[in-house]
């Protein structure tokens, strides 16, 4: 069975020959990987079945000018995205602190005046068909990420301000959300036209034991926009699987996610969700991607603990499971536990 077929069967809740796997690495964990293996490609080394495609970055001459906004922000502020998201460096591994160029915006006009990148420029996406075909020819399962909507908005105006404005200045929030929704719809449509196997979407809207906002606020501001993104892709490819990511506790909206077309839920954090309840309530309608806790067993367990957890999640969720850490592998995860994670998939994830 090819890697592509393996993932396709898993996310359609059919038994593959073995459970697929995936992981991302923080910079420090990636450097550890290179030292331990002498390799620079974790996907190739561990045999991940998935690959991704993306839009190309803007050329210098097409980049928006955000410099007028920098003068109001702390020294050392750096622009970290084509949308003008800005950060100041932290002092702990890869972590940084966001600062907000639209922190004092009060009107839709201020939002409209803020520079906007052009996601539709042909050189940014005309390569997608060729790249998808190349990866398919190599046997891989291919996905593309449409982009954040909620996260990209609060990272421009500030999270506290966004929640306040949802209640008292919703037009400003809507104006920014619309920018990111329109671009996400364009990406989703182009990915579908290029022939991807799965659309990735998502926004972190969960905390450890509750949602960041009242579920009705999510339904008002975010649910219809997620629906539009999914529809943009499915207008081209009606049966396209859709993966949705949110960390944390999101039980109140899982039914809504299914309603708008999500078919694969990520990352299913066992520290935040009752995995047995999730499987019982949604296992006949969703596949699951993740489940191995980066707050618990991966950093703090033994290799044997990691293997037991992988075995447990396979037994609970198979056949509709792709095993992965519930976030990128952080620097505090012992190398032996990383190895144990992927060894366990091979040991416990094979089906007759």
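Each reported figure results from applying straightforward, stated rules to the coordinates on display, with no laboratory input. Here the structure is a predicted model, which is why all the values come from computation and not from measurement. Every residue, glycine among them, receives a Cβ derived from its backbone with ideal geometry; neighbour counts consider all protein chains shown.
Some points to look at:
- Value of D in µm² per second that Stokes-Einstein yields for the range 184-240, Kirkwood Rh from Cα pairs, at 37 °C (0.692 mPa s): 265 µm²/s
- Dimensions of the range 227-352 based on its C-alpha atoms, expressed as ranges along the principal axes with the largest first, amount to 45, 33, 26 Å.
- Under a Gaussian network description of the chain, with springs only between Cα atoms under 10 Å, the residue in 150, 46, 95 that fluctuates furthest is 95.
- Values of log10 I(q)/I(0), in the order q = 0.12, 0.19, 0.22 Å⁻¹, for the range 146-293 under a Debye, Cα-only, solvent-free model: -0.49, -1.17, -1.42
- Between 221, 72, 25, the residue with the greatest mean-square fluctuation in the GNM of the chain (Cα pairs under 10 Å linked by springs) is 72.
- For the peptides 80-87, 290-297, the ranking by mean Cβ contacts within 10 Å, running from highest to lowest, is 290-297, 80-87.
- Whole-angstrom Cα spans of the range 232-296 along principal axes, big to small: 41, 22, 17
- Shape metrics for the range 152-228, restricted to C-alpha atoms - Rg then Dmax, Å: 13.8, 42
- Here is the tail figure for the range 1-59: Cα pairs spaced more than 16 Å apart come to 57 percent of all pairs.
- Long-range tail of P(r) for the range 63-151 (Cα pairs > 22 Å, %): 48 percent
- Contact order normalised by residue count of the range 305-352, Cα under 8 Å, 6+ apart, percent: 64 percent
- Principal axis extents of the Cα atoms in the chain, from largest to smallest and rounded to whole angstrom, are 61, 45, 40.
- With the convex hull of the Cα atoms taken as the outline of the range 61-212, the averaged projected area works out to 11.6 nm².
- Computed over the range 98-221: relative contact order in percent, which uses C-alpha pairs under 8 Å that are six or more apart: 36 percent
- Spatial extent of the range 1-103: Rg and Dmax, with the Cα atoms as the point set, Å: 19.9, 57
- Legend: P(r) of the range 280-330 from all alpha carbon pair distances, 10 Å bins from 0, whole percents, reading 27, 51, 21, 2.
- Helical runs (DSSP H, four residues minimum) scored at -39500 (n - 2.57) apiece and divided by the length of the chain put the mean residue ellipticity at 222 nm at -13000 deg cm²/dmol.
- Relative contact order (%) - the chain, alpha-carbon pairs under 8 angstrom, separation at least six: 22 percent
- When you count the other C-beta atoms within 10 angstrom of each residue and take the mean per peptide, 153-162, 108-117, 247-256 line up highest first as 153-162, 247-256, 108-117.
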